[in-house]
2 protein chains.
Amino acid sequence: MNAPYPAHAPLPEALAEALAARFGERFSRGEAVRAHHGKDESAHPPAPPDAVVFPESTAEVAEVVRACRAHHVPVIAFGAGTSLEGHVLAVRGGVCVDLSRMNRVLAIRAADLDATVEAGVTRKQLNQALHDTGLFFPIDPGADATLGGMAATRASGTNAVRYGTMRENVLNARVVLADGSIVKTGTRAKKSAAGYDLTRLFIGSEGTLGIMTEITVRLYPVPEAISSAVCVFPSMDVAVDTVIQTIQLGVPVARIELLDRLAIAAINRYSKTSLREGPTLFFEFHGSPAAVAEQAQAVQELASGHGGLDFEWATRPEDRSRLWQARHDAYYACLGLRPGARSLTTDVCVPISRLADCIGETAADIAQSGLLAPLVGHVGDGNFHLVLLVDPADPAEMAHAHAFAGRLAARALRMEGTCTGEHGIGIGKQGFLAAEHGAAIEVMRAIKRAIDPENLFNPGKVLPEP
Amino acid sequence: MNAPYPAHAPLPEALAEALAARFGERFSRGEAVRAHHGKDESAHPPAPPDAVVFPESTAEVAEVVRACRAHHVPVIAFGAGTSLEGHVLAVRGGVCVDLSRMNRVLAIRAADLDATVEAGVTRKQLNQALHDTGLFFPIDPGADATLGGMAATRASGTNAVRYGTMRENVLNARVVLADGSIVKTGTRAKKSAAGYDLTRLFIGSEGTLGIMTEITVRLYPVPEAISSAVCVFPSMDVAVDTVIQTIQLGVPVARIELLDRLAIAAINRYSKTSLREGPTLFFEFHGSPAAVAEQAQAVQELASGHGGLDFEWATRPEDRSRLWQARHDAYYACLGLRPGARSLTTDVCVPISRLADCIGETAADIAQSGLLAPLVGHVGDGNFHLVLLVDPADPAEMAHAHAFAGRLAARALRMEGTCTGEHGIGIGKQGFLAAEHGAAIEVMRAIKRAIDPENLFNPGKVLPEP
């Protein structure tokens, strides 16, 4: 089998010795450790780093960066390894900086609705720490990712309709730059007009401009009440129309998720349920008890006007869990449609008026291609995923799947959307990035050269080779 | 009187002739036109450009940029001239690009809740165009600024508590770069993880990185119902505590404004009213009729628990207008405290837990300084303005006022806030920018050099001289 990535120079022994001397057993060249850090949850072939360091402070991260820079060796930041586009793969070798030991919640400031965490804190860990405060951190990409990784990939998930993405929810970050200096990108002020928006520049930069070591995020009051609703529709079009009208009416929905018929069939098989197999919307509303009841009723009226079937809504936690169970099971149920397969997960996001068209054309493409690809969508944002069930060991099948993903990305761009709503570019979508941004990609390249002139940080990611 | 800005080379005649030949009467070197374009609403001494061009398309803006670049002549974008930190002043001469003729609303897409406008469209013009759609654009900085200017300064205003600032409400911009090329920064997708966040980089860059010529903004449904409430408090501390608890309870407030005792006294004098003179909060709630009633009642309970007096709330438009009249009159009423004075308006923004402290220390400073400075605050965001009434012709008084503003900015930074919540840096706050960002200012400088290597765009703004 051919190596999937170009060969690279071995780790300089002088660097290895220096890092080993400095970090002791927190420095590793062991095969298992390297293998663990050379993959994520994507179907991309793994690419282990040459070594892994486990720093415990920002100053230690800066030390590693300075040492690697002196030897012109790449530095790749690693959180939980749950990214989906090969972000953490050491495609040009180098030293992986595993931030999982930087997992302290540094401050929770209830009055200000913010918290400062080290980059290795996961979202579940943060919410656990918030347990008695009446506050929560809403961004939920599914996996229990680290806050650093979520910031680096501009993650979002089901709650983005109401609470936004990492873009809207990071106030400030502490960043180690390529020269080993340490800067902060903002303050704890809710808004600021002070200079260029460095916070937003580092969010979504996928470790290519610096390493975020501390993050200050916004928190929200746990809603007084939550209601959930589920409804099956006779077609995708009317399901999407129901969503559009819900948003246009100003119903402050927290989540709106869509599963297609195949995804529901997968769930029936996986969970031994007998749900009606059709496009299904899952809603969640946050607010006062009166407000969430009113919101669920408004959506029920809209849904029934669009031919919605089996509408159910609930406010008690156990009833809400039952209604949303299918959504929570969706990913593993989809994988269960083809045991042993990996998922090549697409991630387009389009203006909501084009969502039904985009899904319709894509469904026709799937039918023609003979691919097995259930759909799961964050439909309130116009973002949907196809879980393409593929065998990474079969090059022809992978080529077929990638060609489909390319057509889908092109379709989304034609509809004024993006090739990636929340997963990022990594190594998997660089061609789409160029198509999406056109000449603006040269602005990105200029920024990369200006901030990381030696291409030290996560080389081979985000920006396609010129 | 000494010239307030350094001397600069005159406009090259070859450039003037080329622009005159190309733009005819849409090119002007007339003194009145230049004077109009050499000032904003700040107290900074004016600095007229050497000439003004009135382009009517993005392509024309690019032509001007290319022509100026060929002669190494600065280019300054101009919208409505309502900025507050000298952003549009031609402190190094050059050609002003007045975008007011680029005032077409290009598209309103109700289903997508977005609109694309040319940069010269004002916020009131956009809302007029939205009149029959059931949608509105919420960002309201007070002045009828252009959308281009608002994007360039990362403007916000009273609605930011609920709807965010320009940072959260621009989806995409078309930008003319220093080489005359034209790029777009994003798509119309609600969220994206595709590459560096160029949209956020240009927002708030104050015309120093490129000229935004078209902007796609988010729209919102006009609320089904609006309620307003006003309440006077015995002290600043309890007024601010009421705000903190309102937000912690998750009451989805649209606006919360604060006026201090002096501002209310100014209004009584200006509007011949007899309002109780004390710190006063103004609330507005958006939602369904039941929701806004519930919200007003929740706030009433909190306010009365904090000793609030004269609580009034209303839902009918005429009653709401009456309650908010004092807030709307505030700026001119404050100016009326000292006829003929200009306002040096401060703009710090701090974490809300520090707001009472920050206001308290500042009030003591005002008392010691003998300054006349009523307070108007977007208190839900931790942002407040002091309207320092000054005589720009009196250097000693200006120095006294600037020293006070410097102490206030330092105080906000010490409290983990920012020197400017919404007005920007311009020429007035460059020293504070350096204090706020520390070493990160070098990252901003690197970006500026990378994107505008010849310092063509709005030189002398945002970044202090190294």
Quiz item: If you check residue A:380 against the conditions, is it touching a strand residue (DSSP E or B) at 6+ places or on another chain (Cβ under 9 Å) and modelled with pLDDT of 95 or more?
Solution: no
Quiz prompt | Identity of the residue in region B:407-420, facing chain A (nearest Cβ under 7 Å), assigned to a loop (DSSP other than H, G, I, E, B) and over 26 Å from residue B:5 (Cα atoms), that ends up farthest from the chain's Cα centre (by Cα) | solution = B:416
Self-check item: Flag for residue B:450 being closer than 22 Å to residue A:188 by Cβ and either outside the structural domain of residue B:143 (by TED's automatic domain parsing) or at pLDDT 95 or above (or both)
Solution: no
Self-check item: region B:195-225, subset of a type in the set (Ser, Thr, Tyr) and more than 16 Å from the chain's Cα centre (by Cα), residue nearest to the other protein chains (Cβ to nearest Cβ)
Solution: B:196
Practice problem: Quickly run through region B:46-75 and pick out the residues that are among the β-branched types (Val, Ile, Thr) and within 14 Å of residue B:11 (Cα to Cα). | Solution: B:52, B:53, B:64, B:73, B:75
Practice problem: Give the residues of region B:311-353 that are within 14 Å of chain A (Cβ to nearest Cβ) and not in a loop (DSSP other than H, G, I, E, B), sorted by residue number. | Solution: B:345, B:349, B:352, B:353
Quiz prompt | Tabulated pairs, region B:60-79, first outside the structural domain of residue B:149 (by TED's automatic domain parsing), second of a type in the set (Ser, Thr, Tyr) and crowded, with 24+ Cβ neighbours inside 10 Å, C-beta under 6 angstrom, 6+ apart or interchain | solution = B:61/B:213; B:79/B:146
Quiz item: Which numbered condition trips up residue A:207, out of (1) assigned to a strand (DSSP E or B); (2) closer than 16 Å to residue A:148 by Cα?
Solution: (1)
Exercise. Could you check residue A:141 against (1) buried (at least 21 other Cβ atoms within 10 Å of the Cβ); (2) at pLDDT below 95; (3) farther than 23 Å from residue A:458 by Cβ and say which number it fails?
Key: (3)
Self-check item: Pair list, Cβ < 7 Å and 6+ apart or interchain, from region B:132-153 residues that are in contact (Cβ under 8 Å) with a residue 24 or more places away in the chain and under 26 Å from residue A:248 (Cα atoms) to residues that are part of a loop (DSSP other than H, G, I, E, B) and among the charged types (D, E, K, R)
Solution: B:141/B:422
Quiz prompt | Of all residues in region A:315-337 being over 23 Å from the mean Cα position of the chain (by Cα) and surrounded by fewer than 15 Cβ atoms within 10 Å (Cβ to Cβ), the one that is farthest from residue A:393 (Cα to Cα) | solution = A:316
Practice problem: Considering each of B:249, B:302, B:323 in turn, give the residue that is within 24 Å of residue B:355 (Cβ to Cβ) and modelled with pLDDT of 95 or more. | Solution: B:302
Quiz item: Inside region B:165-175, can you point out the residues that are within 20 Å of residue B:109 (Cβ to Cβ) and either touching a Ser or Thr at 6+ places or on another chain (Cβ under 7 Å) or more than 7 Å from every other protein chain (Cβ to nearest Cβ) (or both)?
Solution: B:166, B:169, B:170, B:171, B:172, B:173, B:174
Self-check item: Set B:460, B:360, B:370, B:417: member being crowded, with 17+ Cβ neighbours inside 10 Å and closer than 29 Å to residue B:263 by Cα
Solution: B:417
Quiz item: Is it true that residue B:228 is more than 8 Å from chain A (Cβ to nearest Cβ), over 30 Å from residue B:58 (Cβ atoms) and touching a strand residue (DSSP E or B) at 6+ places or on another chain (Cβ under 6 Å)?
Solution: yes
Practice problem: Determine if region A:236-243 includes at least one residue that is of a type outside the set (Gly, Ala, Ser), at pLDDT below 95 and in contact with an Asp or Glu (Cβ under 8 Å, 6 or more places away or on another chain). | Solution: yes
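So that you can scan it fast, the table gives a plain yes or no per residue for (1) away from every other protein chain (no Cβ under 14 Å); (2) not hydroxyl-bearing (Ser, Thr, Tyr):
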| residue | (1), (2) |
| --- | --- |
| B:238 | yes, yes |
| B:249 | no, yes |
| B:259 | yes, yes |
| B:269 | yes, yes |
| B:273 | yes, no |
| B:276 | yes, yes |
| B:288 | no, no |
| B:292 | no, yes |
| B:296 | no, yes |
Self-check item: Filter result (without any contact (Cβ under 8 Å) to a residue 60 or more places away in the chain and either part of a loop (DSSP other than H, G, I, E, B) or more than 8 Å from chain A (Cβ to nearest Cβ) (or both)) within region B:176-193
Solution: B:185, B:186, B:187, B:189, B:190, B:191, B:192, B:193
Quiz prompt | Within region B:446-466, tally of residues that are over 20 Å from residue A:193 (Cα atoms), in contact with a helix residue (DSSP H, G or I) (Cβ under 8 Å, 6 or more places away or on another chain) and in a loop (DSSP other than H, G, I, E, B) | solution = 4
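The values are calculated or read from the model by the stated rules, or taken from the named source; none is laboratory data. The model shown is predicted, which means the values in this text are computed figures rather than measured ones. Reconstructed Cβ throughout: ideal geometry from the backbone, glycine too, with neighbour counts over all protein chains shown.
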